[in-house]
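Trainee: Have a look at the structure that comes next, please.
The values are calculated or read from the model by the stated rules, or taken from the named source; none is laboratory data. It should be emphasised that the depicted structure is a prediction, and the values quoted were computed from it without experimental measurement. Here Cβ is always computed from backbone atoms with ideal geometry, including for glycine, and neighbour counts include all displayed protein chains. Note: areas computed on protein heavy atoms with side chains; ligands, DNA, RNA excluded. Shrake-Rupley method; radii C 1.70, N 1.55, O 1.52, S 1.80 Å.
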Amino acid sequence: MASSNPKTYLIPLTFFLIFSPSLVISSRNLNLKQHKLNNEANNNLTYIWPLPSDYTFGNQTLTVDPNLSLIAAGNGGNSLIVSEAFARYKSIIFKHTSSALKGVEYDVTKLNINVHSADEVLQLGVDESYSLMVAGNDEHSIVGGITIEANSVYGALRGLETFSQLCSFDYGTKSVKLHKAPWYIQDKPRFSYRGLLLDTSRHYLPIEIIKQVIESMSYAKLNVLHWHIIDEESFPLEVPSYPNLWKGSYTKWERYTTDDAYEIVNFAKMRGINVMAEVDVPGHAESWGTGYPDLWPSLSCREPLDVSKNFTFDLISGILADMRKIFPFELFHLGGDEVHTDCWNSTPHVNQWLQDHEMTGKEAYQYFVLKAQEIAISLNWTPVNWEETFNTFASRLNPRTVVHNWLGSGVCPKAVAQGFRCIFSNQGVWYLDHLDVPWDTVYNAEPLEGITDASEQKLVIGGEVCMWGETADASNVQQTIWPRAAAAAERLWSSKESESSGNLTLTVLPRLEYFRCLLTRRGVQAAPVTNFYARSPPTGPGSCYYQ
């Protein structure tokens, strides 16, 4: 699971909330008067999150027709992905007004979307670039209305999100306005992999909650849901080849059918988001033995999975073969973290197998991971493993392995120096279950830290924030994810050159607070940005924008 012990922050959290509420309130509360003084300066900020790579804007305000029509062009313009996204964003933009006001002539009546390619395959590195042009309201304009141009449908999705953030409802005129026109935006992601891990083993998350998380990811231009479906506590997924596995679920109501999994993958694809599933082996697998006790080394020693039995690997092959039908993404996570082999050494028949094969527990751990990798690769998957596998036997890993950092800094530099690709998830900055990590620490984290060689930098495919579920369920998962995940999202999308410079409190914080309020307006339960502990509620009355 690569999750850390949540008790390390729950004790101080309880202490502060019970014994020192004034400290919690005062420690991160920003001065309201100072916020208002900065209001004029904030008018010069660009309230698009994440910040585009390159953009210019003017000083005109345009009105947008509630009956805005889509003009599709190009080989991929008529894609269902594009038309459904346009309908979604139209309902967001015109939430407060569904029809045109009588006698009003609107500046913007059409949205042109030109998609060059009809290819809808969604994989790592798909082209998500786009350009967005908003013409000014004068006869000298060379571009008519608003145009989004993209090479792929997924670039068009990112352009639609940016367009939606340019629009805002004016309560005085009861119309939607687009400020600071004309706009010219040329945008593309800094990293191809921009992930969020969601743990559905520690607490079951209903399908609708997972969909809400995916929807909210699209608002921040994240593009990979790392679905940590199963772990030692529960096995909620249906596996047709081994139907007793989901006997390891908490209850018969907390399960995912194969149809559920298909639905999540397809829902995510319509929003340009890949789903990377994880089957963590050989540790974190005690729940597997509820349905198949032979997987346990013994009844009193239940993990790691029994390395000595062919049945263990037959079952892993069956799980992965069934999951390959559901998850088309080229990456598949095989875990491999926190494997303690004492159980193998202390179980007579497993210990005998180790002796017969002249293996230590550490060597058997390597044997297990490599065998699981072979199974995944035979199914045309690229294996992803937590960093312990690299730290322990890097020279034996398949060269295609993607190393997933979590324990601390310095792993990606070592991995890319040996030719491996790497995903950055340093738990000190990007583990969302660490409630004491503030937004600016998340924002300042750098996936390329310690990597100066350009060819090695390219091997860092991106990063991922991790929402481990020990203390999060349907009641609080969204406010634990947001808005800190958005801070990481800008780090992963926006080029270093385009980021706001100077004092983060003046240049980035107002934009993040604005985005948090945008999330809440869209129905996402995003917590205040600057509270002492993440996901904690407001400490008193006040505006969403001045926390």
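Trainee: Just need a number here: residues in region 156-192 that are in a strand (DSSP E or B), touching a residue at least 12 places away in the same chain (Cβ under 8 Å) and not basic (Lys, Arg).
Mentor: Number of matching residues: 12.
Trainee: May I ask you to list the residues in region 371-387 that are assigned to a helix (DSSP H, G or I) and over 22 Å from residue 412 (Cβ atoms)?
Mentor: Correct list: 371, 372, 374, 375, 377, 378.
Trainee: Name the residue that is most open to solvent (accessible area, probe 1.4 Å), counting only residues in region 265-322 that are over 28 Å from residue 218 (Cβ atoms) and among the aromatic types (Phe, Trp, Tyr).
Mentor: Looking at residues that are over 28 Å from residue 218 (Cβ atoms) and among the aromatic types (Phe, Trp, Tyr), I get 311.
Trainee: Quick check on region 497-508. Is at least one of its residues without any contact (Cβ under 8 Å) to a residue 60 or more places away in the chain and open to solvent by less than 10 Å² (accessible area, probe 1.4 Å)?
Mentor: no
Trainee: Something else now. For region 253-296, which positions are over 24 Å from residue 462 (Cβ atoms) and either at pLDDT below 95 or in contact with a strand residue (DSSP E or B) (Cβ under 6 Å, 6 or more places away or on another chain) (or both)?
Mentor: 256
Trainee: Only one of (1) over 21 Å from residue 267 (Cβ atoms); (2) in contact with a Ser or Thr (Cβ under 8 Å, 6 or more places away or on another chain) is not met by residue 76, so which one is it?
Mentor: Among (1) over 21 Å from residue 267 (Cβ atoms); (2) in contact with a Ser or Thr (Cβ under 8 Å, 6 or more places away or on another chain), the lone unmet condition for residue 76 is (1).
Trainee: Just one of the numbered conditions (1) surrounded by fewer than 17 Cβ atoms within 10 Å (Cβ to Cβ); (2) in contact (Cβ under 8 Å) with a residue 60 or more places away in the chain; (3) more than 25 Å from residue 230 (Cβ to Cβ); (4) not aliphatic (A, V, I, L, M) is not true of residue 473; which one?
Mentor: (3)
Trainee: Would you mind stating whether residue 235 is among the aromatic types (Phe, Trp, Tyr) and more than 30 Å from residue 463 (Cβ to Cβ)?
Mentor: Criteria not met by residue 235.
Trainee: Turning to a different aspect of this structure: So which of 513, 456, 490, 464 ends up being at pLDDT 95 or above and not in a helix (DSSP H, G or I)?
Mentor: 464
Trainee: To continue, here is another question. When region 45-90 is examined, which residues are found to be in a loop (DSSP other than H, G, I, E, B) and β-branched (Val, Ile, Thr)?
Mentor: Once the filter is applied, which keeps residues that are in a loop (DSSP other than H, G, I, E, B) and β-branched (Val, Ile, Thr), region 45-90 yields 46, 48.
Trainee: Which one of the conditions (1) open to solvent by 10 Å² or more (accessible area, probe 1.4 Å); (2) modelled with pLDDT of 95 or more; (3) in contact with a Ser or Thr (Cβ under 9 Å, 6 or more places away or on another chain) does residue 520 fail to meet, given that it meets all the rest?
Mentor: (3)
Trainee: Please pick out the residue among 89, 106 that is within 30 Å of residue 463 (Cβ to Cβ) and of a type outside the set (A, V, I, L, M, F, W, C).
Mentor: One residue alone meets the criteria, 89.
Trainee: Quick check on residue 457: is it open to solvent by 20 Å² or more (accessible area, probe 1.4 Å) and touching a Ser or Thr at 6+ places or on another chain (Cβ under 6 Å)?
Mentor: No; evaluated as a whole, the condition is false for this residue.
Trainee: Can you find even one residue in region 414-428 that is modelled with pLDDT of 95 or more and closer than 21 Å to residue 531 by Cα?
Mentor: Checked against the condition, which is being modelled with pLDDT of 95 or more and closer than 21 Å to residue 531 by Cα, region 414-428 yields at least one hit.
Trainee: Sort out for me the helices (runs of 4 or more DSSP H) sitting completely within region 216-325 that have 2 or more residues that are among the β-branched types (Val, Ile, Thr) and over 29 Å from residue 343 (Cα atoms).
Mentor: The qualifying helices (runs of 4 or more DSSP H) are 258-269.
Trainee: Moving to a separate point now. With respect to the numbered conditions (1) farther than 26 Å from residue 494 by Cα; (2) open to solvent by 50 Å² or more (accessible area, probe 1.4 Å); (3) in a helix (DSSP H, G or I), which one is the sole condition not fulfilled by residue 212?
Mentor: (1)
Trainee: Yes or no: region 523-534 includes at least one residue that is free of Cβ contacts under 8 Å to residues at least 60 places away in the same chain, open to solvent by 50 Å² or more (accessible area, probe 1.4 Å), part of a loop (DSSP other than H, G, I, E, B) and more than 20 Å from residue 206 (Cβ to Cβ).
Mentor: No: zero hits.
Trainee: So, one more: Among the listed residues 385, 398, identify the single one that is surrounded by 19 or more Cβ atoms within 10 Å (Cβ to Cβ), closer than 23 Å to residue 458 by Cβ and not acidic (Asp, Glu).
Mentor: Going through 385, 398 in turn, just one is surrounded by 19 or more Cβ atoms within 10 Å (Cβ to Cβ), closer than 23 Å to residue 458 by Cβ and not acidic (Asp, Glu): 385.
Trainee: Same structure, new question: Say whether the condition of being without any contact (Cβ under 8 Å) to a residue 12 or more places away in the chain, open to solvent by 70 Å² or more (accessible area, probe 1.4 Å) and either part of a loop (DSSP other than H, G, I, E, B) or of a type in the set (Ser, Thr, Tyr) (or both) is met by at least one residue in region 345-357.
Mentor: The answer is yes, given that some residue of region 345-357 is without any contact (Cβ under 8 Å) to a residue 12 or more places away in the chain, open to solvent by 70 Å² or more (accessible area, probe 1.4 Å) and either part of a loop (DSSP other than H, G, I, E, B) or of a type in the set (Ser, Thr, Tyr) (or both).
Trainee: Scan region 401-411 for residues that are open to solvent by less than 50 Å² (accessible area, probe 1.4 Å), without any contact (Cβ under 8 Å) to a residue 60 or more places away in the chain and in contact with a helix residue (DSSP H, G or I) (Cβ under 9 Å, 6 or more places away or on another chain) and jot them down.
Mentor: 401, 403, 405, 408, 411
Trainee: Every residue in region 91-108 that is at pLDDT below 95 and outside any loop (DSSP other than H, G, I, E, B), please.
Mentor: Of everything in region 91-108, just one residue is at pLDDT below 95 and outside any loop (DSSP other than H, G, I, E, B), namely 108.
Trainee: Separate question: Name every residue in region 124-134 that is part of a loop (DSSP other than H, G, I, E, B), of a type outside the set (Val, Ile, Thr) and open to solvent by 10 Å² or more (accessible area, probe 1.4 Å), in order of residue number.
Mentor: 124, 125, 127, 129
Trainee: Among the residues of region 421-444, which ones are open to solvent by 10 Å² or more (accessible area, probe 1.4 Å) and either in a loop (DSSP other than H, G, I, E, B) or among the polar types (S, T, N, Q) (or both)?
Mentor: Matches in region 421-444: 426, 427, 434, 436, 437, 438, 441, 444.
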